Every structure is written in C-alpha cells, then in structure tokens.
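Colleague: Questions regarding the structure given below will be posed in turn.
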Amino acid sequence: MDAIALSVQSAYKTFGGSPARSFLSRPNGHFTPTIAVNRVSFDVRRGEIFGVLGPNGSGKSTLIRLLATLLVPDGGVISVFGHDVQKEPMAVQRLINRVSVEASFFKKLSPMENLLYGARLYGLTGHEARVKAEEILQRLGLQPRSFERPMEEMSRGMQQKVAIARALLSNPIVLLLDEPTTGLDPRSKREVQAFVRELRDTHDTTIVLTTHDMLEADELCDRIAIIHNGNVVALDTPANLKKQVSNNGHVPTLEEVFLKMTGEQLVKEDQAD
C-alpha cells in the first residue's frame with residue numbers, strides 16, 4: 001500500500017468572522033463568517049501529483065496555505081508525513097516548499113542573487129548553492145546571460161521560473177504548486193510541466209498542484225479534487241472523472257467535467273482582472 005504523504009481530515013477554515021470587523025459593515029452587530037474550506041478530507045499518496053481544481057474563490061488557494069502552515073485551520077487535522085501542521089509546523093516546513101502565482105522577490109537583485117540568498121536560508125553553502133541554482137535555472141529554460149539581470153527587468157513568466165527554481169533548491173519532499181504556470185508562454189509552460197514530471201519520477205517528490213489549465217491538469221495529475229464553495233465535489237483520476245459525466249458515448253474533456261461538477265465557467269487567474 002502506498003505511503004500517505006499528506007492527510008487532510010475535516011479541514012475547516014473561515015474568514016471575516018470576527019465581531020469587531022463585521023460590526024463595521026453590519027450595524028446590528030450580526031456577522032456571518034465566510035467558509036473558505038468546509039470540512040474537506042482527502043489523502044495524497046507519496047510520489048503522487050495531486051491536482052486541486054476550482055473556480056476563483058472556491059477555497060483551493062486557502063487549502064494550499066493550510067498545507068504550507070501559512071494559515072491555521074479552524075478545525076480538523078492536517079498532517080504531512082505524520083507531522084501535524086499545527087503541533088509541528090517547523091517539522092512540516094522542513095519537508096515542503098511552495099510556489100505561488102504571486103511569488104515575491106528582491107526586484108533590484110538578479111535571479112542568481114535571489115536564489116543564493118534563499119539558499120543560505122536553507123543552509124546551502126555558496127559554491128554548492130551556485131552550482132545547483134545554475135543547473136535548475138538552465139533546466140527550466142533560462143539562459144545564463146539572464147542569471148545576472150535585475151528581476152524587475154524580467155517578464156512575469158521568467159520571474160515565475162525563478163520562483164520555481166528557488167523552491168527546488170531545498171529538495172522538498174512535498175512541493176505545493178499554486179498556479180505555477182500562470183503567465184508562462186506555451187514553450188515555458190511545457191518546460192515547467194516536464195520538470196514537474198521529472199521531480200516526481202526521479203526525485204520521489206509528492207506534488208500538489210492547483211491550476212486553471214484543464215489540459216495541464218489532465219496530463220500531469222494522477223488524481224484530481226474539484227473544489228466548489230469550499231467543498232470537495234469530486235475526487236478521482238482524470239479518466240474516471242470523465243467517465244462519470246460521459247453521455248451517449250461522448251468522452252468529455254476535463255473542462256466539461258469541471259463545468260458539470262461546479263456549474264461555473266472557468267476563469268483563468270491572468271484573465272480575472
């Protein structure tokens with residue numbers, strides 16, 4: 001039986017429920033918190049690429065932040081390789097790393113300078129860190145001449161590649177990818193996707209991926225959870241999810257499955273504004 005890398009049991013998270021904040025907008029003093037993650041339960045097996053899909057505001061990014069110990073659940077239990085995210089956050093943080101679509105950098109510094117700074121936080125030596133950083137950046141398709149350019153002069157797609165490279169410096173056992181290919185051109189997106197597969201296949205990395213790219217989810221993910229209004233409304237392999245909504249011999253796309261399960265049109269992050 002496959003080992004369980006991540007266990008999420010009845011995870012619950014709300015926002016905006018404090019009387020002080022809500023009283024300002026509701027003179028009668030009544031307040032209703034927004035439920036972002038509603039008693040969600042699932043397990044992620046070791047070495048699995050596990051997809052989390054959902055409309056904007058569905059709770060998928062909140063779920064990633066709970067796994068990353070950036071938020072504290074209001075209820076339920078979340079563990080990473082047996083370590084409780086609330087009771088043992090430092091142990092969890094040593095096992096994971098996270099890439100988000102809003103990754104931040106020292107914009108005046110170059111990719112290499114940002115990576116070397118991050119490497120020191122992970123305890124890597126200067127020479128070791130530089131060699132590893134160069135290897136990862138080139139594997140992601142960045143040219144050596146761009147290693148020393150200021151980040152502020154780079155495109156959003158190139159900055160996203162640097163964010164992924166920074167996360168990989170620590171050799172995470174669990175990698176949380178929150179919209180990692182948003183803003184990338186098709187070639188860069190394929191390079192990142194190939195690297196994700198390589199991490200799983202050759203480094204035994206467990207990956208949790210949120211994405212609005214249905215083709216990406218279909219091709220990369222071993223299993224997918226579809227979240228809507230904070231609830232998991234479907235969880236299975238891409239092939240089995242398609243079978244659930246097939247009709248009269250028509251094999252649906254994953255996007256058709258998404259629309260069927262959520263009743264909402266998909267909106268990509270980079271189009272939401």
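The values are calculated or read from the model by the stated rules, or taken from the named source; none is laboratory data. Since we're looking at a predicted model, the values are computed, not measured. Cβ sites come from the backbone with ideal geometry, for glycine too, and all protein chains shown count toward neighbours.
Colleague: Of all residues in region 227-257 being hydroxyl-bearing (Ser, Thr, Tyr) and modelled with pLDDT of 90 or more, which is farthest from Asp43 (Cα to Cα)?
Modeller: The extreme case among them is Thr253.
Colleague: Within region 123-145, how many residues turn out to be surrounded by fewer than 14 Cβ atoms within 10 Å (Cβ to Cβ), at pLDDT below 85 and in a loop (DSSP other than H, G, I, E, B)?
Modeller: Residues in region 123-145 being surrounded by fewer than 14 Cβ atoms within 10 Å (Cβ to Cβ), at pLDDT below 85 and in a loop (DSSP other than H, G, I, E, B): 2 in total.
Colleague: Being among the charged types (D, E, K, R) and within 20 Å of the chain's Cα centre (by Cα) is the filter; apply it to region 76-130 and report the residue that is farthest from Ala5 (Cα to Cα). Steps first, answer last, please.
Modeller: Kept after step one, since they are among the charged types (D, E, K, R), are these residues of region 76-130: 84, 87-88, 94, 98, 102, 107-108, 113, 120, 128, 130.
Now narrow it down to the ones that are within 20 Å of the chain's Cα centre (by Cα): 84, 94, 98, 102.
Working: Asp84: 12, Arg94: 14, Arg98: 15, Glu102: 26 Å.
That would be Glu102.
Colleague: For region 63-103, which residues satisfy the criterion of being polar (S, T, N, Q), in contact (Cβ under 8 Å) with a residue 60 or more places away in the chain and closer than 30 Å to Gly157 by Cβ?
Modeller: At the first step, the residues of region 63-103 found to be polar (S, T, N, Q) are 69, 79, 86, 93, 97, 100.
In the following step, the residues that additionally are in contact (Cβ under 8 Å) with a residue 60 or more places away in the chain were identified as 79, 97, 100.
Result: Asn97, Ser100.
Yes/no per residue for (1) touching a residue at least 24 places away in the same chain (Cβ under 8 Å); (2) touching a strand residue (DSSP E or B) at 6+ places or on another chain (Cβ under 9 Å); (3) closer than 19 Å to Glu219 by Cβ; (4) among the hydrophobic types (A, V, I, L, M, F, W, C):
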residue: Glu152; (1), (2), (3), (4): yes, no, no, no
residue: Gln159; (1), (2), (3), (4): yes, no, no, no
residue: Ala165; (1), (2), (3), (4): yes, no, no, yes
residue: Pro172; (1), (2), (3), (4): yes, yes, no, no
residue: Thr182; (1), (2), (3), (4): yes, no, yes, no
residue: Pro186; (1), (2), (3), (4): no, no, yes, no
residue: Arg190; (1), (2), (3), (4): no, no, yes, no
residue: Asp204; (1), (2), (3), (4): yes, no, no, no
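Colleague: Quick check on my filter: what residues within region 211-237 are in contact with a strand residue (DSSP E or B) (Cβ under 6 Å, 6 or more places away or on another chain) and either among the acidic types (Asp, Glu) or outside any strand (DSSP E or B) (or both)?
Modeller: Ala217, Leu220, Cys221, Asp222, Gly230, Thr237
Colleague: Which one of these does Leu109 not meet: (1) assigned to a helix (DSSP H, G or I); (2) out of contact with any Lys or Arg (no Cβ under 9 Å at 6 or more places or on another chain); (3) not acidic (Asp, Glu)?
Modeller: (1)
Colleague: Out of (1) surrounded by fewer than 21 Cβ atoms within 10 Å (Cβ to Cβ); (2) in contact (Cβ under 8 Å) with a residue 40 or more places away in the chain, what's the single condition that is false for Val44?
Modeller: Val44 satisfies every listed condition except (1).
Colleague: From Val196, Val208, grab the single residue that is closer than 20 Å to Val52 by Cα, of a type outside the set (D, E, K, R) and not in a strand (DSSP E or B). It would help to see each step written out before you state the result.
Modeller: Working: Val208 fails: not in a strand (DSSP E or B).
So the residue among Val196, Val208 that is closer than 20 Å to Val52 by Cα, of a type outside the set (D, E, K, R) and not in a strand (DSSP E or B) is Val196.
Colleague: Can you report the number of residues in region 147-178 which are surrounded by 17 or more Cβ atoms within 10 Å (Cβ to Cβ) and part of a helix (DSSP H, G or I)?
Modeller: Total meeting the criteria: 13.
Colleague: Looking at Glu148, Glu153, can you tell me which residue is at pLDDT 85 or above, over 27 Å from Leu67 (Cα atoms), in contact with a Ser or Thr (Cβ under 6 Å, 6 or more places away or on another chain) and of a type outside the set (A, V, I, L, M, F, W, C)?
Modeller: Selected residue: Glu148, the only one of Glu148, Glu153 that is at pLDDT 85 or above, over 27 Å from Leu67 (Cα atoms), in contact with a Ser or Thr (Cβ under 6 Å, 6 or more places away or on another chain) and of a type outside the set (A, V, I, L, M, F, W, C).
Colleague: Show me the strands (runs of 3 or more DSSP E) entirely contained within region 1-103 in which 1 or more residues are at pLDDT 95 or above and polar (S, T, N, Q).
Modeller: Working: elements: 4-15, 34-45, 49-53, 75-80, 96-100.
By residue number, 4-15, 34-45, 75-80.
Colleague: Taking region 179-193, which residues are more than 25 Å from Phe81 (Cβ to Cβ), in a loop (DSSP other than H, G, I, E, B) and either assigned by TED's automatic domain parsing to the domain that holds Gly157 or not hydroxyl-bearing (Ser, Thr, Tyr) (or both)?
Modeller: Correct list: Gly183, Leu184, Asp185.
Colleague: State the number of residues belonging to region 44-61 that are under 10 Å from the mean Cα position of the chain (by Cα) and of a type in the set (Val, Ile, Thr).
Modeller: 1
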